[in-house]
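Remarks on the structure that follows.
The values are calculated or read from the model by the stated rules, or taken from the named source; none is laboratory data. Keep in mind the model is a prediction, meaning the values are calculated, not measured. Ideal geometry is used to build each Cβ from the backbone, glycine not excepted, and the neighbour counts take in all protein chains shown.
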Amino acid sequence: MIRADDIVHHRLTVANALYYTARMRLPNDFTHAQIKQRVDEVLEDVDLKHRRRQMVSKLSGGERKRISIALELLANPSVFFLDKPSAGLDLGLDLKMMLLVNLKAPFHQGIFLPIIAEIYITMALAALAGLMIGLLISAVVRNTDRAMSFVPLVLIPQVIFSGAVFKLDTPILQTVGALFSVRWAMAGMGSSIG
């Protein structure tokens with residue numbers, strides 16, 4: 001898990017911070033040379049090989065963020081969570097880090113999604129749920145006139161219990177809200193946007 005705030009020890013050099021982390025995270029049978037090679041690979045991945053002898057405290061915020069990413073990449077994680085991955089990175093670097101993680105993803109069964117992609121997927125799934133509700137209504141009623149009168153009975157509770165009109169702060173309201181697809185969409189959008 002990469003948090004928005006870095007947790008790298010600031011009184012070590014970049015190479016030492018990665019080396020000590022690698023000693024803790026890599027298997028015990030890794031030799032000094034193998035650990036050093038892995039540190040070099042990760043530094044190359046995050047484009048900080050030229051900063052290997054620099055103290056972590058002297059790095060910019062974006063460089064410290066990349067060191068935090070490098071610390072996690074050392075052990076080739078199968079799951080990789082990033083909290084605000086582009087915080088502290090300039091526009092070119094956040095794209096590069098996204099590409100780095102996505103290029104490694106097919107080999108490690110992982111994926112990195114920018115917030116806009118999460119929002120798009122959430123909206124697409126909400127639209128699919130709305131389509132399914134429409135299909136259910138058309139299957140239940142006999143003609144279009146009845147369907148048109150039935151639609152508000154289904155859609156008004158969707159909006160009311162979505163959490164957008166009023167806060168669902170009691171357990172009963174949360175339980176009722178969980179029955180409606182719009183509530184799930186709103187929760188997904190809220191977690192993506194923050």
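Worth a mention:
- Residue check, residue 28 out of contact with any helix residue (DSSP H, G or I) (no Cβ under 6 Å at 6 or more places or on another chain) and not in a helix (DSSP H, G or I): yes
- Qualifying residue in segment 174-181 (condition: farther than 19 Å from residue 121 by Cα, β-branched (Val, Ile, Thr), surrounded by 12 or more Cβ atoms within 10 Å (Cβ to Cβ) and at pLDDT 85 or above): no
- All of (1) assigned to a helix (DSSP H, G or I); (2) hydroxyl-bearing (Ser, Thr, Tyr); (3) within 24 Å of residue 116 (Cα to Cα) hold for residue 175 with one exception: (3).
- Boolean, residue 40 is modelled with pLDDT of 90 or more and farther than 13 Å from residue 72 by Cα: yes
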